[in-house]
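Q: Let me begin by handing over the structure; questions about it come next.
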Amino acid sequence: MTDDGGGPPAIEATGLRYAYPDGTPAVDGVDVTVAEGERVALLGPNGAGKSTLLQILGGLIDPDDGEVRYFGETGDADAVRDRLSVLTQDPADYLFNPTVREDLAYGPAQQDLPDGETDRRVDRVAARLDLGELLSKPPFRLSGGEQRRAALASALTVEPDALLLDEPVSNVDAANRAAILDLLDELAAEGVTLVVSTPETELVPHVADRVVLLDADGRVAATGSTREILTDADLLTDCDLRPPQVVRLFDGLTDDVPLTVTEAETRLDDTDDS
Ligand code: ADP
């Protein structure tokens, strides 16, 4: 367990099992622990059960077996609803009011906040995600990328301590992707616990320090640091995945393989300078 020793884990799940009502097994005996302030990726091929697992961890699906504890509490996710936010892949789960502003205000309006605090939060989060111009629009008028940003904003106005995101940048254009990834960096720097599901090894170094690798059968194949998992080509192949391109390119050339293009550029600049 990668606990920082600073208190109970944000999320501690043991023995999770879930099959859909039609009998399809999705999660098969999974243990996951996420320390407070940690950034963890749930990495696996399509159909590995990432989305189902994330929804179980976020309290949206009740597992058939196993239990999830939050911040050391024995209660269910509802007991920590103000501290935990889940972003599913479908913006429609978050955008259902006449205007984007009302969607962003929906979560905090359920909290017992002082007068004016909901509006302040909406304006603050909208500014961070550059949504100001869109606040008065009906959400269905937004582009796909704008909807993803607005959905993320609505998950943030409750000011969660832990945020669980299901493939947050899949099918998102480069500009919206950069905006979302920059915001995740800022949240991590503020100490927010992040859990991100993705089938993209390329994305993992940008969003996680530790990886829970799932195989195609909804089981944990391995957990380890982002570097350990992304440089183990055999392990990834067993899970129908490949290391990031830059890792494959530098494989065998250096002991300290870069995980991202930015890291590779730094290595190459250093080589030029020496
Ligand atoms: P991932 O997010 O890794 O792609 P999912 O959690 O979406 O995986 O799916 C895991 C398994 O559960 C897959 O076999 C998928 O087909 C199945 N599944 C997902 N949603 C449903 C559903 N609503 N009903 C039946 N089977 C489902």
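Q: Taking 0.36 nm per residue of separation and subtracting the Cα-Cα distance, what length does fully extending Ala189 through Asp115 add?
A: Separation in residues times 0.36 nm, less the Cα-Cα distance, equals 23.8 nm.
Q: Moving on to the next point. With unit charges on the beta carbons (Lys and Arg positive, Asp and Glu negative) and the dipole taken about the Cα centre of the chain, which residue among Val195, Tyr20, Val261 sits farthest to the positive side?
A: Most positive-ward Cα: Tyr20.
Q: Counting only protein heavy atoms and using a 1.4 Å probe, what share of the accessible area of the chain belongs to carbon plus sulfur, as a whole percent?
A: Solvent-exposed carbon and sulfur of the chain make up 45 percent of the total.
Q: With every protein chain left in place, what is the accessible area per residue of the chain in square angstrom, probe 1.4 Å?
A: Averaged over the residues of the chain, the accessible area is 48 Å².
Q: Where Rh is the Kirkwood radius over the Cα pairs of region 1-135, the temperature 37 °C and the viscosity 0.692 mPa s, what D in µm²/s does Stokes-Einstein return?
A: The diffusion coefficient I find is 193 µm²/s.
Q: Under unit Cβ charges (Lys, Arg +1; Asp, Glu -1), what dipole magnitude, rounded to 20 debye, does the chain have relative to its Cα centre?
A: 780 debye
Q: Given springs between every Cα pair under 10 Å in a Gaussian network model of the chain, which of Leu183, Leu213, Leu16 has the largest fluctuation?
A: Leu183
Q: Sticking with this structure for a sec: Rounded to the nearest 0.05, what FRET efficiency is calculated for Asp234 and Glu263 with R0 set to 25 Å and r the Cβ-Cβ distance?
A: E(calc), rounded to 0.05, equals 0.65.
Q: Full extension from Ala174 to Leu253: what is 0.36 nm times the residue separation minus their Cα-Cα distance, to one decimal in nm?
A: 25.4 nm
Q: Let me ask another. Please report, for the Cα atoms of the chain, the Rg to one decimal and the Dmax as a whole number; what are they, in angstrom?
A: 19.2, 61
The values are calculated or read from the model by the stated rules, or taken from the named source; none is laboratory data. On a predicted model such as this, the values are computed, not experimentally measured, just so you know. Backbone-built Cβ (ideal geometry, glycine too); neighbour counts: all protein chains shown. Calculation scope for accessible area: heavy atoms of the full protein, side chains included, ligands and nucleic acids excluded. Shrake-Rupley method; radii C 1.70, N 1.55, O 1.52, S 1.80 Å.
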